[in-house]
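Reviewing the structure listed below.
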Amino acid sequence: MRPLRLFKVEQPLQRPITWGDAVAILFIAVMLYVGARLAFNAPAEVRGPTISLAPTALPWYAALSVGRMAAAYALSMLFTLVYGRAAAYHRRAELLLLPLLDIFQSVPILSFLPVVLLSFSAILPQNVAAELASIVLIFTSQVWNLTFAWYQSLTTIPKELREASTIFRLNGWLRFKTLELPFAAISLIWNSMMSWAGGWFFLMAAEIFTVGQRDFRLPGLGAYLQEAANQGNWHAIVWGISTLLLVILLLDQLVWRPLLAWADRFKLEMVESDLPPTSWFYEIVRSSRLADWLSQAVWRPFHEHLDAYMLRRFPMKEKESDQAGRSWLLYLTGVIGGILLGYGAYRAGRMLLMVPLAAWGMIATGVGITMLRVILALIIAFTWTIPMGVVIGTNPRLAAWLQPLVQVIASTPATALFPVLLLLVLRLPGGLDLAAVLLMLMGTQWYLLFNVIAGASAIPQDLKYTTTLLQLKRWARWRTLVLPALFPYLITGAITASGGAWNASIVAEHVEFAGQTLSTLGIGALIAQATATGDYPLLLAATLSMVLAVVLINRLVWRRLYHLAEERYRME
């Protein structure tokens, strides 16, 4: 039987690399150079904190971890609102800001951790440097999807609503408050949930980072779990993991679910949904007299005063004069930024010339070996997530009790469990290699599984009926319907998953565990060793090579597959 063609084809591929990409990569190289240059003054030895394994210490450690996440999230939202707005409303800025955003989100964030930590510790007190570095690291893991979501919302506001805001002569503040923010609310909340889930992974990595004589650990849940695993204290391990799960559940029930239930009012639809999101905590707060009193006595007067101040301070301006002023500002910023970028690139190039040829060979070998681990982790993840995801996505009864369970497991950061994993597998043959692949797998598989579930549940029922009427056998049905329908979702999941695997290599290939330094071949190990020995030219070269490798793979492989998925396997 000839294969059925249920999906349509062919469009030209977009250019894989643009001038904006080159500027973005240059900017990253300069930032890495600045960090490596500052690191020359970093202390040779850093003493870490004493971590208590008493269960009574856990509430304080949990509060510290959540505080770091909240600080990074506040910074991410501030950046998102400013950057996304600039990209959405300024055509010239958009040409540079969007490629920058695209490159930044594909860079393995953990590769920056040693550079950021060393540079901060050179100019700040040790504890302040470690705290700031963890917040910067979490910020870079949370911010990109939020910014894309805000930008996309601003550029898709319906024309009728924009015209209404112009007719009512709303100034920037009132347009932001009554139109832009409500329109983007649901998307921002969902992306905030994703950002927090991703942020846990990097928070734990920052809290357990130790290399050579430099102990950058931070008091928190991650350091607690690592110390418990170092001492082989299973009671403390159970306490630590239970606390982490409890924090994730509390945040879900007390923050995100109520926000989703509240934001449902901003949906643009003619017919009310049969199953709107609900939250028991939101209902309690909404019916509370105390909350009502606070709203009437505090929030509403504050709100009115703020509106009045913003109307006086920022009256509505004529569009032409406003744009003219902004154009000058953009040109001036561009010229200054270009000069600084050129000088920074020159200095970074000089530092890279200090790296011997043999070290470049080690870097190339390290990139290749880590890439093999990433590919192996992806293959293992594909092997089990595709059948499992299709089963969950096509069986609503099974999904009803399996999906919440999978969500809770997936929310647990793999880096928090890594010390426990080391305790279990280090004595096996190829222990650290096995642990590295397992950590990469733990950091990648959930992205794939959730995308497969989404893809399988989106297959139209009429196409399923058609394959049944045609009496297609199981493999023919998978070849003609299931796999083509899943293809775009698989590529989306694989892009995110491979980024997670490259990130995991930084903490997986070189570890300090139970008083021992364990290392295996790979670019992550090379970055850690360069940090430990203070070889900053090698640190710059290895980190930049890893960034370039991931960006090139994204542009030359994943992006092509993504366009293929969009164009050939889009259901019409």
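The values are calculated or read from the model by the stated rules, or taken from the named source; none is laboratory data. Source: prediction; values computed, not measured. Because the Cβ atoms are built from the backbone with ideal geometry, glycine has one as well, and the counts that use them run over all protein chains shown. The area values use the complete protein model at the heavy-atom level, side chains included, leaving out ligands, DNA and RNA. Shrake-Rupley method; radii C 1.70, N 1.55, O 1.52, S 1.80 Å.
Residue check: is Glu320 open to solvent by 90 Å² or more (accessible area, probe 1.4 Å) and either out of contact with any Gly (no Cβ under 9 Å at 6 or more places or on another chain) or at pLDDT 80 or above (or both)? For Glu320, the condition - open to solvent by 90 Å² or more (accessible area, probe 1.4 Å) and either out of contact with any Gly (no Cβ under 9 Å at 6 or more places or on another chain) or at pLDDT 80 or above (or both) - is met.
If only residues of region 544-572 that are at pLDDT below 85 and of a type in the set (Ser, Thr, Tyr) are counted, the one that is most open to solvent (accessible area, probe 1.4 Å) is Tyr562. Restricting region 513-531 to residues that are open to solvent by 40 Å² or more (accessible area, probe 1.4 Å) and small (Gly, Ala, Ser), the residue that is nearest to the chain's Cα centre (by Cα) is Ser519.
Among residues of region 43-59 that are within 11 Å of Ala223 (Cβ to Cβ), those with a beta-carbon under 8 Å from a residue that is in a loop (DSSP other than H, G, I, E, B) and open to solvent by 80 Å² or more (accessible area, probe 1.4 Å) at least six positions away or on a different chain give the pairs Leu53/Gln231. Count of region 177-194 residues, restricted to those that are polar (S, T, N, Q) and open to solvent by less than 20 Å² (accessible area, probe 1.4 Å), is 1. Listed by first and then second residue, the pairs linking a residue in region 222-248 that is closer than 14 Å to Met204 by Cα to a residue that is of a type in the set (Lys, Arg), with Cβ atoms under 7 Å apart and 6 or more places separating them unless they lie on different chains, are Ala223/Arg217. Exactly one residue out of Val420, Val452, Val408 is open to solvent by less than 30 Å² (accessible area, probe 1.4 Å) and at pLDDT below 80: that is Val420.
Of the residues Ala223, Ala197, the single one that is open to solvent by 30 Å² or more (accessible area, probe 1.4 Å), in a helix (DSSP H, G or I) and closer than 21 Å to Leu421 by Cβ is Ala197.
In region 122-176, which helices (runs of 4 or more DSSP H) lie fully inside it and hold 1 or more residues that are closer than 23 Å to Met193 by Cβ and open to solvent by 70 Å² or more (accessible area, probe 1.4 Å)?
126-155
Looking across region 201-220, the residues that are open to solvent by less than 10 Å² (accessible area, probe 1.4 Å) and assigned to a helix (DSSP H, G or I) come down to Leu203, Met204, Ala205, Ala206, Glu207. Restricted to region 47-93, and to residues that are in contact with a Phe, Trp or Tyr (Cβ under 8 Å, 6 or more places away or on another chain), open to solvent by 40 Å² or more (accessible area, probe 1.4 Å) and of a type in the set (A, V, I, L, M, F, W, C), which residue is farthest from Pro114 (Cα to Cα)? The extreme case among them is Leu81.
What about Ile386, is it out of contact with any Lys or Arg (no Cβ under 8 Å at 6 or more places or on another chain) and open to solvent by 40 Å² or more (accessible area, probe 1.4 Å)? It is false that Ile386 is out of contact with any Lys or Arg (no Cβ under 8 Å at 6 or more places or on another chain) and open to solvent by 40 Å² or more (accessible area, probe 1.4 Å). In region 26-46, the qualifying residues are those that are outside any helix (DSSP H, G or I) and touching a helix residue (DSSP H, G or I) at 6+ places or on another chain (Cβ under 8 Å), and the one that is most open to solvent (accessible area, probe 1.4 Å) is Asn41.
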